[in-house]
Amino acid sequence: MAERKLNLDIAGAVAELESLIKKVLPKNIMYRLLLGKGLEFDGYRDYSPVDDADLIDWKATVRAQKPLVRRYIEERDLKFMFVIDVSDNMVFGSTEKLKCEYVAEMVAALSHLILGTGDRIGFVLFNDKVVVTRMPELGNRQFEILVHEISNPLIYGGDSRLTEVLNYLMGTLPKSTSMVFLISDFVKVDETYLTTFENFSTLFETVAMVVRDPLDITLPDLNKEVVVENISTREKLLVNPKVAKQIYETNAAVQLNKMKNVFRDSNMDFLEMSTAESFSPQIATFLKERILGGRIIRKQNVS
């Protein structure tokens, strides 16, 4: 990816997510509390008029015959790791943003949100190996280092070997890590990844953030031949998208289903996103639903 400057608006991405977070999350709970293992359940208390109604635990309310909300003890100094795929697969796009550009803005916005609450962020960039590692730290300097690394076009390229990388990280990431955000397009993930994912999610609470371009799902309705190149082998194939569309979509759907099954079976949360849509509403909703009761699977449809 040499010589190409990334199309990034880090400041805009940060502002958009943080503005939306203030609107979406319950008014009397700081968003930091339920990222990862940030809270220890400490029983129930009576609902009061100053509480957000979304916080009512309805099962406990039915049992007690009065409105109850959960009470938590906050754990301080949380540590979050972003494990980011920077392989050739991510240097692709049919929308305004390449997948790697979309991910860079998303990671910057989410990490700025976390750092702003006094917690720590670290990051790992990988392709067929770990390219850059930065352990969790506090403050603006850590954010600047992250932005510098993910904005560097020379860092991107190479094959993606997620299994080997995760096996390596299981022995090197701090055991005190509160949560790992695992970010890739996961286009190669199938049942052969299950054992590695299970082992990793046993050690670390993990959220897989699946970033796909619309062309990962379907081909354009274009009735003329185009050249398609395999970025790993450099083999080229002459294809008519209109003719290949049905087979392509079927294969993409099969792979997507295998990926979802692997995430579910390995007990990983996952969030699907498309470069055709803003990530801010999806992340804000995801964080809110974790606050209101836990593990979710969200899907972003690509039209």
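At a glance:
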quantity: Residue match in the range 245-255 (condition: at pLDDT 90 or above and either surrounded by fewer than 14 Cβ atoms within 10 Å (Cβ to Cβ) or closer than 29 Å to S111 by Cα (or both)); calculated: yes
quantity: Unique match (being over 27 Å from A13 (Cβ atoms), among the polar types (S, T, N, Q) and modelled with pLDDT of 90 or more) among T206, T172; calculated: T172
quantity: Search result, residues across the range 191-205 that are in contact with a helix residue (DSSP H, G or I) (Cβ under 8 Å, 6 or more places away or on another chain) and aliphatic (A, V, I, L, M); calculated: L194
quantity: Failed item in (1) closer than 30 Å to P49 by Cα; (2) not in a helix (DSSP H, G or I), with T172 passing the rest; calculated: (1)
quantity: Members of the range 166-190 that are out of contact with any helix residue (DSSP H, G or I) (no Cβ under 7 Å at 6 or more places or on another chain), over 15 Å from G122 (Cβ atoms) and among the hydrophobic types (A, V, I, L, M, F, W, C); calculated: none
quantity: Of all residues making up the range 81-122, the number that are part of a helix (DSSP H, G or I), within 12 Å of the chain's Cα centre (by Cα) and of a type in the set (V, I, T); calculated: 2
quantity: Of the criteria (1) in contact (Cβ under 8 Å) with a residue 40 or more places away in the chain; (2) surrounded by 14 or more Cβ atoms within 10 Å (Cβ to Cβ); (3) over 12 Å from F123 (Cα atoms), which one R161 fails; calculated: (1)
quantity: The range 179-199, residues that are in a loop (DSSP other than H, G, I, E, B) and within 15 Å of the chain's Cα centre (by Cα); calculated: D185, F186, V187
quantity: Scan of the range 46-66 for residues that are modelled with pLDDT under 90 and touching a strand residue (DSSP E or B) at 6+ places or on another chain (Cβ under 8 Å), ordered by number; calculated: D46, Y47, D51, L55, I56, D57, A60, T61, A64
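The values are calculated or read from the model by the stated rules, or taken from the named source; none is laboratory data. Because the structure is predicted, anything quoted here is derived from the model rather than measured. Reconstructed Cβ throughout: ideal geometry from the backbone, glycine too, with neighbour counts over all protein chains shown.
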